[in-house]
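Student: To start, I am sharing the structure in question, which I have written as C-alpha cells.
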C-alpha cells in the first residue's frame, strides 16, 4: 500500500475518533466486528487481520493479504440524578441527560503472509475512551446553595497505531505488536463562587503520545491429534500518558491531592483464552485481568481491577456466519470513602458498564470480499455514590448507564 494512502487512513481515523463511552472500564470489549459479535473474544479464536490487538499471534491465519476497514457507531445513554440532602435549604436538583450519546469509533487492520513462518501487519484502532456532556443542562441559580450539575463536560479519546509481527512454526505462533498511542483529555465545568459569580474550571484540550506493546502466543493442537482446539495468552503493557493541567486543574477547587498529578496511565492487562472448532461450530472463552488500581491516575481516583469474562459462539457455512456472545466485567468505578472521588467518577467518568450481550454475522460477497456486522447491548446499570460532606445541596449521585453499538466492517483478501 502506498505511503500516501496510509497517511490518508491515519488522518481519517484521527478525525472520526470522537468521544467514546466504552465498556470494560474505558476499554472497548473487543476491537473489530467479528470479535464484538462473539462477546469480545479473540485470544484463542482468530479473526484474521482484526486479531492484531486481541492476540497478534493469530494473524497467522491469514493466507495471503487481508484488509479490514470499518468502525463502531456507539450510542451510550447516561442520566445522572442529584439526590437532595436531608435538611438542605433547596429541593433536589433533579436529573440530567448526557448529550455525549452518539459517537464513531474507527478501525483499520492489515495483515500479510510473508512466507510459511513470518507474518506482519499494520493497523489503527480507536481502543478506549469515556465522557459525559451536561453543557446544555440548565444551570442552577447563582447562590452558594445551588450548584446544579456543574455543566460537567469530560472527554477522553484514545487511538492506537500498531505493527504486529508474528512467527509460526508448526502449531505454535508467537507475536509482538509495538504500539504508539495518541490520547486527548478535556475536563471542564462551571461552578458558582461565594461572591455570586460563575467560575469556569478547565484548561482546554490536552494531548499526548505514549508507547507500549502487546505480546501474544497461541498453540493449535490439530497436529497433535486434537483437531480444532486452540489456546492462547496475551500481555498488554501499560502506556503512560500525561495530560498537562487537566486532572490537577479540575480537582483543585475540591482540594483533592493527586499523587500522580496529570498522569493517566492506560493499565497493563493479561489474558488467556481457549477455542474449539467442531465443523460449522466454534466456541470461545477469554479471561482478562485489567490492572486499573495500579495504573497511575486511575489508582488516584479509586478504580478497582477488573476480571473480564467473555464467551462467544459462531456458526459458519460456506459464505456466511452468525455469532453470539456475552461479556461480563465488574465495574471498575466503585464507591469509595472520599466523596470528592465519588463526585468526579460518577458525574464525569461513569465507566460502570458490566454485562454485554452481542450478536453478529458475516456474509461473503465473493471469495475476496466480505462484510461483517455486530450489535452489542449493555442493559442499564445503576450506581448511587455518596457525596455527603462536600457542602453541596445533594447528598448522593445516581447514574443510569446503558449502551448500544453497531459495528460494521469490510474485508478484502488477495
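Student: What do you get for Rg/Rh of the chain when both radii come from the Cα atoms and Rh is the Kirkwood radius?
Tutor: Ratio value, two decimals: 1.02.
Student: Taking 0.36 nm per intervening residue step and subtracting the Cα-Cα distance, what contour gain separates residue 193 from residue 172 on full extension?
Tutor: Gain in length upon complete extension: 1.2 nm.
Student: A further question follows. Would you mind ranking 276, 270 so that the residue whose beta carbon has the fewest other beta carbons within 10 Å leads the list?
Tutor: Ranking 276, 270 by Cβ neighbours within 10 Å, fewest first, gives 270, 276.
Student: Treating the angle as unsigned and between 0 and 90°, give the value, to the nearest 10°, between the Cα long axis of helix 339-348 and the longest Cα principal axis of the chain.
Tutor: 60 degrees
Student: Once you put a point 7 Å from the Cα of residue 238 and another 7 Å from the Cα of residue 375, both along the Cβ direction, what distance in nm separates them?
Tutor: 4.0 nm
Student: At q = 0.21 Å⁻¹, what is the log10 ratio I(q)/I(0) for the range 47-86, with the Debye formula run over Cα points and no solvent?
Tutor: Evaluating at q = 0.21 Å⁻¹ gives log10 I(q)/I(0) of -0.75.
Student: Treat the count of other C-beta atoms within 10 Å as a stand-in for reagent exposure and order 29, 239, 120 from fewest to most.
Tutor: Final ranking by Cβ density, sparse to dense: 120, 239, 29.
Student: How tilted is helix 3-16 with respect to the longest principal axis of the chain? Cα atoms for both, answer in degrees (0 to 90, nearest 10).
Tutor: 40 degrees
Student: I would also like to ask the following. Using a Förster radius of 25 Å, what is the FRET efficiency between residue 222 and residue 309 based on their Cβ-Cβ separation? Nearest 0.05, please.
Tutor: Efficiency for this residue pair is about 0.45.
Student: Determine, for 45, 201, 179, 108, the number of other Cβ atoms within 10 Å of each Cβ, and report the residues in order from fewest to most.
Tutor: The most exposed by this proxy come first: 201, 108, 179, 45.
No value in this document is a laboratory result; all are computed from the given coordinates. All values reported here derive from a predicted model rather than from experimental measurement. No Cβ is skipped: glycine too gets one built from the backbone with ideal geometry, and neighbour counts run over all protein chains shown.
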